[in-house]
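Visitor: Handing you this structure, nothing more for now.
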Amino acid sequence: MKKLRVGILFGGRSGEHEISLLSAASVFKAIDKTKYEVVPIGITKEGRWVTAGDAVNLLHGKTAKSARGKPLRAGDPQATSSAAVLSAGQSVIFPPEPQKGRNPSLEPFQADVSSLTRRASDRAINVDIIFPVLHGTFGEDGTIQGLLELADIPYVGAGVLGSAAGMDKDIMKSLFQAARLPIVKHVTVLRSQWEGDTREVRKFIESKLKYPVFVKPANLGSSVGISKAHDREELGPAIEEAAKYDRKIVIEQGVGGKKNKAREIECAVLGNDQPEASVAGEIVPGKEFYDYTAKYLDEGSELFIPAELSKGEMKAFRKLAVAAFRAVDCSGLARVDFLMDPKSRKIYLNEINTMPGFTSISMYPKLWAASGVEYPTLIERLIALGLERYADKKKNQYSR
Ligand SMILES: Nc1ncnc2c1ncn2[C@@H]1O[C@H](COP(=O)(O)OP(=O)(O)O)[C@@H](O)[C@H]1O
Ligand SMILES: [Mg+2]
């Protein structure tokens, strides 16, 4: 049987570029090579697409330590197979049009004149499906998904709408509200409103919410631009910080209030029209909240799988996770994150991540492993779900 050619797309222009390299390296390692042929496709931080002619070499034999045993960063070519592809690969592009009569393919991006003598189609690299292992802006937000739709290539994960809706905390909350799901009290203000009249905006926020509040750029991830404002004095700087990253700023009631930290419960969801939820897990950040350093730099955060919850609570989280997945019209996979008041044990839906961290030790795969789906099987299921969704879409006609 012919092996399915899976293009693994990684890196990208977002702040989570390095996390993506780690996620992709994990997928390369775990994917069943008797069933799939892997085509690694890296996107540099500048947005250039590269693939490896000699992918196999690049994907093997790279260790996580340099010659001197010094630990390397994810972006160093020797640290991960994905970083190696980025540094030594050849430039390619996906033409944003369906490839009539043949498999979708990456075309070499012309750099040197000598290669022009051969027809581009002779050197095109075919793929059957793309797995975008990309986090954040230009990866998780519907933009890449839009390109793949135009190119008519099946892909893993949420479509354009689900990705975009899951990325925008303001729109996501509107959809959760419409589905009557429990979310924290919040307001959304525009950067231009803040620039126009800071006093007025502050008054508006204080009329709706009590301190502490969390101030977030609507579109981003990894806690970038997010701060906790404990009082009026901290509100202004928190808004200024968030306004660096987006024109829309979301301000939320802090769960746990002045005295307590919110509990952070997460559920993994897998499926298309019949999504299923994993057991719920818990993250206990080593800091006051799960900010960027707690996520990626400090060692102090702990994971508990399954989370310590009553039977009824566990059931409630799983049910809400599936409902959240449906509310933003997701497909394939998503990690749904909750906040829980430790005192009242009230549950709030915080956010949905349509391309969660995907290294073998990330929360999403770990939650599935604890629910009976091992990492290589998970990858297989996701590829099958991507193909299923593509086939489903092929049933649509676009005109009468
Ligand atoms: N309303 C809130 N109450 C308490 N803690 C919060 C609240 N909102 C966010 N946090 C804390 O900030 C972290 C990052 O916020 P989140 O909305 O998940 O942003 P990101 O999309 O960057 O992960 C959360 O994991 C949690 O620790
Ligand atoms: Mg989060």
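The values are calculated or read from the model by the stated rules, or taken from the named source; none is laboratory data. Quick caveat, the model's predicted, so the values are computed rather than measured. Here Cβ is always computed from backbone atoms with ideal geometry, including for glycine, and neighbour counts include all displayed protein chains. Protein only, heavy atoms only, side chains kept; ligands, DNA and RNA dropped before computing areas. Shrake-Rupley method; radii C 1.70, N 1.55, O 1.52, S 1.80 Å.
Visitor: Can you tell me how the range 278-367 classifies by the Cα gyration tensor, rounded, prolate or oblate, using a/c under 1.5 as the rounded cut?
Guide: oblate
Visitor: To the nearest 10 degrees, how steep is helix 375-393 against the longest Cα principal axis of the chain, on a 0 to 90 scale?
Guide: Taking Cα atoms only, the helix is inclined about 80 degrees.
Visitor: Per residue of the chain, what 222 nm ellipticity follows from adding -39500 (n - 2.57) for every DSSP H run with n ≥ 4, rounded to the nearest 500?
Guide: Theoretical 222 nm ellipticity from helices: -9500 deg cm²/dmol.
Visitor: Does anyone have the angle between helix 311-327 and the longest principal axis of the chain? Alpha-carbon axes, 0 to 90°, nearest 10?
Guide: So the inclination is approximately 60 degrees.
Visitor: In addition: By DSSP, what percent of the beta bridges with both residues in the chain are antiparallel, rounded to the nearest 5? It would help to have the intermediate numbers written out before the result.
Guide: Working: 48 of 62 bridges.
Of those bridges, close to 75 percent are antiparallel.
Visitor: Calculate what fraction, in whole %, of the accessible area of the chain sits on carbon and sulfur atoms when a 1.4 Å probe is rolled over the protein chains.
Guide: The value for the chain is 52 percent carbon and sulfur by accessible area.
Visitor: Something else: Could you grab the Rg to Rh ratio for the range 131-192? Cα atoms only, Kirkwood for Rh. Could you put the intermediate results ahead of the total?
Guide: Details: Rg = 13.9 Å, Rh = 13.0 Å.
For the range 131-192, the value is 1.07.
Visitor: Binning every alpha carbon pair distance of the range 196-249 at 10 Å from zero, what are the percents per bin?
Guide: Histogramming the range 196-249 at 10 Å steps yields 26, 58, 16 percent.
Visitor: In vacuum, with every alpha carbon of the chain counted as one equal point scatterer, what does the Debye formula give for log10 I(q)/I(0) at q = 0.06, 0.07, 0.08, 0.11 Å⁻¹? Two decimals, please.
Guide: -0.25, -0.34, -0.45, -0.83
Visitor: Highest mean first, what order results for 210-221, 40-51 on Cβ atoms within 10 Å?
Guide: The peptides rank, most packed first, as 210-221, 40-51.
Visitor: Still on this structure: Roughly how many whole Å is it from the C-alpha centroid of the range 218-272 to that of the range 75-98?
Guide: Going from one Cα centre to the other spans 33 Å.
Visitor: Report, in degrees rounded to the nearest 10, the 0 to 90 angle that the Cα long axis of helix 198-208 makes with the longest principal axis of the chain.
Guide: Helix 198-208 sits at roughly 70 degrees to that axis.
Visitor: Additional query: If you take the square roots of the eigenvalues of the alpha-carbon gyration tensor of the range 128-277 and sort them as a ≥ b ≥ c, do you get rounded (a/c under 1.5), prolate (a/b over b/c) or oblate?
Guide: prolate
Visitor: Name the shape class, rounded, prolate or oblate, that the alpha-carbon gyration tensor gives for the range 1-41, where a ≥ b ≥ c are the square roots of its eigenvalues, rounded holds for a/c under 1.5, and otherwise prolate holds if a/b is larger than b/c and oblate otherwise.
Guide: oblate
Visitor: So for each of 85-92, 177-184 I average, over its residues, the number of other beta carbons within 10 Å; can you give me the resulting order with the highest mean first? Present the calculation step by step, with values, prior to reporting the outcome.
Guide: Values: 85-92: 19.8, 177-184: 14.0.
My ranking of the peptides, most packed first, is 85-92, 177-184.
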